[in-house]
Structure formats: C-alpha cells, structure tokens
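All of the numbers you see were taken from the coordinates with simple rules; none came from a lab. Quick caveat, the model's predicted, so the values are computed rather than measured. Here the Cβ positions follow ideal geometry from the backbone for every residue, glycine too, while neighbour counts run over all protein chains shown.
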C-alpha cells in the first residue's frame, strides 16, 4: 500500500522493509535479528503501529511479550521458521441457484470484514465480502450473491467523500437491476453513513441495507454471519425500498432488527444489539425466517419517486454544549469557512444565555444554526422557556425530533443545495427520508 | 433585578420601565398606550424577551395575538384594569412536627421552582422553595423542612462558579447537623451538577439529593410535588450518604428512582422519567413508602471519610467527534489556554487516524486528552483496533466506563489538583465517587 508516496507494509517501510523482504519473512514467521555487537533476538515477526520509529522491528518473544528491536542496515535478519498460518481458510463457495433474487454485497470495511490476528489478538480488516459469502454458505439459499469490495476502511476514517463514493456505486447497482443491496460497514459510524445514503438515494426501488458486526467473523461469538444473513434476507425479499441498518435485535441469535437509516444510532460500545431506533420504532424485525413490519407506512419495493441527490459539503459542524462552555467556538468555525452548525443543546434545546448575541450576529451574517438535543430521546421545543424563545429570535432553527447526528449529515447535504438561510431552514425541516417531524414519538427511553 | 448595572424588570428597562412604573401597571394588567399621532393600543401588558428593542412594549390583544408597540417618552401609558392574577396561591404552611429528621431544601432554580405564566403559557422561574414546601403539605409528615433560595437560574446558565457555590453551601449545611439536603435544580444540566458535587463532597455523612421536575408545578401533570416528596423522603431517611438524583422512575406516579450522581444523564427532552442510570443500576427505588436498595454496596449514612475538595477549572472542554471532522479544534482549544479535553469518540473510543499526530503533539506539550464514547452505553476499549492502540501511543487516556459528561466534570476538578499529565491520568482513572471502573456493567441498552 502506498501512503503519501512511501511504500508501507504491515507498518514497515524504508530500509527495514527491504531487509525483511530480502529475508523472505512474512508476518508471523519466526525470525532472528543479529546485531553487530553480537546481541541476538528471536521471535515472531509482528506488524506494528504507525507511530513506531521507522527502524524498529517488532517481535513476539516465546514468553508472549512483544519487544521493539532497533535495527540498522548493519544488522542481519534471518527467517528461521514459517509462522503458523491463521486457521481461517476459505471453503469453495456453494453453487449459486438460479431463480433467486439478485443481491449485490458491497464491502466498505469494518469488523464484519475483519479477522482477529491470531498472534496478537488484535483485529484488522482483512476479509473481503467474497470471503464472507464463501464462509456463510446459507447465503446461497437466500439470493444470488454478487460481491465486491469498494474499499476497506475503518469507519471512523470516513468523510463526505466516502459517502459520495458509496452512494454513486449503489446508484449504479440499482440501475443494473439488482433486487437489493447490502453494504458491509464498520459499526462506528454506520449510522452517519446510513443517514447520508438516505438523503442521497431517496425512495429507492429496492432495499439498501447496511450491516456490520460487533465481533469479528472468526471469533466464536461473532455476529457477522447472523447479521449478514439477515441483511441479505432483507435486501432480497423485504417489501420496502428504503435505506436501513440491519443488526442483532437482542443479545441472542434470535432476531435482526431493521432500523430506518435516519432513526438509528450506535448506543452501546460493544454489545451485539448496539444499534437502536431512536424516536421511532424499528421498521421491521426479522425472526424465524419471517419479516414482521412494525411500521406499515413505508416506501414500497418497486415504488415510484427514486431521486438521486448526490453531494455533501464538509462545511457543517456538530457542537455539543456543556455548562460553562463559551460561544467562541461558533465564531472560530465561521472564521474557518464553516457555513453552519448543529448544536447539541441541553434539554428542550438550550444553551447559556450569553451565547444568544453571538448566535444572532452569526445568523445575521448567513451562518446556519440548528438546535438538536443532547438528550438521546425526545424532541426539542424552544417555545417553553425564555431562553429557547430568545434563541429562536436570534435565528436558531429548532430541529424537532431529528437526531443530532442525522441533522449534521442533513445540513452537510442541504448546504450543497442552497446557500439561503431561509431555504436551508425549510429544507432541514422538510422530511426527505422520515428523519424529522414524526407526529408521535414512542414514550420513554428504552429503545428496541 | 440588576443585570450588568442596568435595572431590568420583566424584560423592561430605562425610560420605558419608568413609564410603566409611573402608570402603576403590573404584568397582566390591561393598559392603553396612546401615541402623539393619536394611535391607540389596548391589551394586557406582557413581559418580553431580552432581544426586544428597549423602546418596545409588548401587549396581548383581545384576539390573543401579542404585538410590540414602539414607545417614546411622548407617549402616554395608562392602566385601565387589573389583570387576572395567577390562580397560584400559597396556603399557610402546615405546622412542623418535632422529632422528625431535619432536611434542608436549597433552591437553585429550574422548572420545579417555576410557574406557567397564565397569560402566555410560558414557564418562568418564580416560586421559591418555601412556596413549594407550603404547597406540598405532605412534606411536613416526612421531615422538619428548612428551605432557602441560594439562587434561581436556568441550569443551562450554570458554570463552575455555581457548582462551587452550591458545594460550599451544602458543606455548611452538613456542618450545621442537618440529616439530609435537597437541592431543587433545573433538569437541563442537573446531571453535570450532580457529578460536580460528587467530586467535591466525597463520602458525605448524609444524603445530598438533587431533584427537578419536567413539568412546572402549577400544571396538572406536574411531577414537581411527587419528585420533591421523594427527594425529601430520601434525604430524611435513606441509609446512605451519597450525592444522588431523585426523579420519576416511570411515566406514572408510582416510584422515584434514586440515581448515583456520577452515573446519571438526562435521556429524554420531556418525559417525566427522563433521568436514567447509565452503565449502572439505580442505587435505589422509592415506591409505596419504602426504599429498595438496588445496590447494597454504598457509603452508609453517618459513615466516615467525608472529604470536602472544592474548586473547578474552566479550562477543560468536551468535543464530540463526527465523520470528516478535523483535529484543528484541539489546537484551537490549546491555543486559547485550555489544558485538556474529553473526546466523545466513536464506538470503543476512536477518531479519524489523521487526528493522531495532532494529539501526539498536544499531549507532548502537556495537554490532557481523554477518550470517552458517544455510544451512550458501554465502556471504551482502545486495545482492540489499530487506531485505538495508536491513539494510546499518542498519549490518549482511555476513560473506561465513565460517561463523557462526568469525565468532563472530573477533568475540570482534577485540573485544580495537579498539572502533571501522569498524575491527571491517575486521578481520572481512580474512582472518587464510583464514576469509573465498575467491574460489571448492565448488559443492553434499555436504562432503568
């Protein structure tokens, strides 16, 4: 892989990489490093993080500890034994049956397309979607699978460019006549991407299903196969054409919850049922081989109205308020060319009163300020307290029941469509993909 | 009320306030404004927001609409009829019984100490804690109540100074021998204050109970009386000495949940059971006149170890990461004299890889960077993925299962205790008030 013009391999580059290559060593092989002073280190060759110095070689010693050995060109590296290879082998894919729905599986990275490094216990992206399809032969009963890898990134590294690339690829797949699309995706920011696709691919004729896993696919507790089967099932057979996230509904392997792309967040760092619909019930639950629609009001598969509206601005920001926080960060953003912000205010949508004059000045200069709540559930209502009303008078747009993350993505999308504050406010509050303005919200805080 | 040297009353100041006073008019009175050009406006005198021009008088017309009338000293203002007064009257307080526990109720503001303006439907702070005690005579059965108003602020306007003032007052109340303390507080940032008091007043000999309401006390659906009774019950009789939040446990008037001050957040903008324990069960549930402890491991009432550790720095910030966000905001904060930040990263505690060199540079210059998760539940674990490990190598401190808001408050507190990064890391990860490092977390996402 070339990074900034420098070839890197497993964290190694430069002369050290050349020495490793000359020795014919692979990661996991047993190697010996001899230095001119006679010192000698024996261990398994490890990959290393990007912050290690260029001349450091990482070895796992027989006692299990990793050490970094400083190497210079006068040292000698010898490969003395082949490493144990991962037990992770790919069986031949099962024959695909004709007559089944055609589903495209597009890999974008994440744990669902990763493996645990058998030497370090660390997880690294490695497995392609094709591997996964081979590894989950049940998929061939559900659909004719056509898999490809678009890219393989940790989802925290995604930017608006990745959202745009995925949306464009999905659009072409739809034009190619597939019956459904599955995107494997890192879970960290899957809900942001789901929102981005919801605004870009409106009323799609087929399901567009994002799926990830919280445990990598070669661990016994992995949810990768179960989630992938659920996602392919939904892509192939669900009666709706919408952008959704399909993930474990509960801890056990009983059901997959199908969340609307604009109503879902990752609510737990590690549990398998980390994704929850917020301010909405899930769209559907897949359990025991049948899909139960929990919301009967959906855009039907094959329905009209498909709109492809691509493009995002990276000049929108999300700012979470806390007690004592000053409003200067808004001025900083405006000075740096940002055109708008979504504030995660407190409660019904508040910030300290001393923010009000700053916000007023910014909105008068054409800077968009939208208000969401840092309470995870509920809707903002800025007409209850004086502070809220004064914020509205200062030009703040109250974002109703829109999730802060979704509001940020929508603002990034809307900024490519207009630069008028009035039109931005109208766009932000007009539902595009059921992201705002539900008339009733589920009461209470427990999510499904 | 004097604000910045200018007297204000219901939003009015200067010559207009003098004219209103000269007319003897109160808010809600029917008044007539006559201008020299002969134009005449009749309506109810309304309070007004701070952003109105100084010369504007707000009237509610008989058709229900509010208008702003520009007034100059040549106009005439006449009071023609008294307004209907709020139906909110204060009955005489019941006689207090001797032999009951002594509870101090301290007002700091918020909806629990507010009323709905009967003319506008808006909510404004108005009622003192004394009023509330008079209005909830049942309190006299529970305890000998001694009420006072420390200040009356919207809680979104709180800063570290208010936390310090409350803590100091509570310390004195404890020294005065009260059996428990109740703080009425706006709900918006009640959880931040609860964390601040938890770090300042460690192992207190009596319960310190924060309480608020989601509906103001003169609305039929108000939770003010119910919550206040629960809070006084806990302050007077609970077997523990800890800082807690006492609020409705469910929608109905059945139970009050008692949350630890470092394990609670406001999770819903409006519902009565908005406060939830996160990464912990509630400490206790008060229902049917008895308190059920859900955690038997607590600091006992009257127990040893009371420490008063006052003081917060306002040089710590909270930053929520989102896809595509650049690391420049960290440099901006450092340039402005901030000494540390808590990042709400994605998933197990991640940000984009391009943040890593910036973070490394900052931590090397003595700037603290802690990592919490924007997933509401779970704990960060930065040893699973390469990005996490590289962030740790860059000097990031993983904040385990600490809530981001609590971590921010703790960092503000810790910065007053040390400036060594090593000592800061140690302080942040050493439990002071059970805020970090629980060995087991409740699974799943539904809170109680």
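With its label point put 7 Å out from Cα toward Cβ, residue B:307 sits 5.9 nm from the same residue's point in the other copies, in order from shortest.
Helix-derived [θ] at 222 nm for chain B: sum -39500 (n - 2.57) over DSSP H runs of at least 4, divide by residue count, nearest 500? Before the final figure, lay out the partial values.
On the way: 11 runs with 107 residues, N = 448.
Calculated from helices alone, the mean residue ellipticity at 222 nm is -7000 deg cm²/dmol.
Among A:223, A:188, A:335, the residue with the largest mean-square fluctuation in a Gaussian network model of chain A, with springs joining Cα atoms closer than 10 Å, is A:335. The relative contact order of the stretch A:316-429 comes to 26 percent, based on Cα pairs under 8 Å that sit 6 or more residues apart. Estimated from the Cβ-Cβ distance and a Förster radius of 25 angstrom, the FRET efficiency linking residue A:294 and residue A:100 is about 0.45. For the segment A:152-165, counting C-beta atoms of other chains within 10 Å of every residue's C-beta and taking the mean gives 4. DSSP finds beta bridges in the stretch B:102-308, and of those with both partners inside it, around 55 percent are antiparallel.
Radius of gyration over Kirkwood radius for chain B, both on Cα atoms: the Rg/Rh ratio is 1.04.
For chain B, the longest principal axis of the alpha carbon atoms and the long axis of helix B:404-414 meet at an angle near 80°. Placing R0 at 35 angstrom, the Cβ-Cβ distance between residue B:438 and residue B:250 gives a FRET efficiency of 0.90 after rounding to 0.05.
Shape analysis of the stretch B:102-308 based on the Cα gyration tensor places the equivalent ellipsoid semi-axes at 23, 18, 17 Å, largest first. Look at the stretch A:352-358: the mean tally of other chain Cβ atoms within 10 Å of its residues' Cβ atoms is 3. Average projection, convex hull of the Cα set of the stretch A:316-429: 6.0 square nanometres. Relative to the first principal axis of the alpha-carbon coordinates of chain A, what is the inclination of helix A:14-23, with its axis defined by its Cα atoms, in degrees from 0 to 90 and to the nearest 10? Helix A:14-23 sits roughly 50 degrees off the main axis of chain A. The long axis of helix A:160-175 is offset from the longest Cα principal axis of chain A by roughly 90 degrees. Residue exposure proxy: A:291, A:57, B:228, ordered by other Cβ atoms within 10 angstrom of their Cβ from fewest to most, comes out as A:291, A:57, B:228. Counted by neighbouring Cβ atoms within 10 Å, the residues B:434, A:8 run from fewest to most as A:8, B:434. Pairs of Cα atoms nearer than 8 Å and 6+ residues apart set the relative contact order; for the stretch B:102-308 it is 21 percent. Between copies, the label points of residue A:72, set 7 Å from Cα on the Cα→Cβ line, lie 8.7 nm apart, reported in increasing order to one decimal in nanometres. Among the residues of B:313-320, the average count of other protein chain beta-carbon atoms within 10 Å of the residue beta-carbon is 4. Using a Gaussian network model of chain B in which every pair of alpha carbons under 10 angstrom is joined by a spring, one finds that among B:152, B:13, B:365 the greatest mean-square fluctuation is at B:13.
Relative contact order of chain B: what whole-number percent is it, with Cα pairs under 8 angstrom and at least 6 residues apart?
On the way: 987 pairs, mean separation 46.6, N = 448.
Relative contact order comes out at 10 percent.
With Rh defined as the Kirkwood radius, the inverse of the mean 1/r over Cα pairs, the Rg/Rh of the protein assembly as shown is 1.01. Here the Gaussian network model covers chain A, with springs between Cα atoms less than 10 Å apart; of A:371, A:247, A:19, A:19 fluctuates the most. Equivalent ellipsoid of the stretch A:233-333: semi-axes from √(5λ) of the C-alpha gyration tensor, largest first, are 33, 21, 11 Å. Sorting A:195-201, A:172-178 by their mean Cβ neighbour count within 10 Å, with the most densely packed peptide first, gives A:195-201, A:172-178. Sorted shortest first, the distances from the residue B:39 label point to those of the same residue in the other copies are 8.9 nm; each point sits 7 Å from Cα along Cα-to-Cβ. Once the C-beta distance of residue B:72 and residue B:426 is scaled by a Förster radius of 41 Å, the resulting FRET efficiency is 0.05 to the nearest 0.05.
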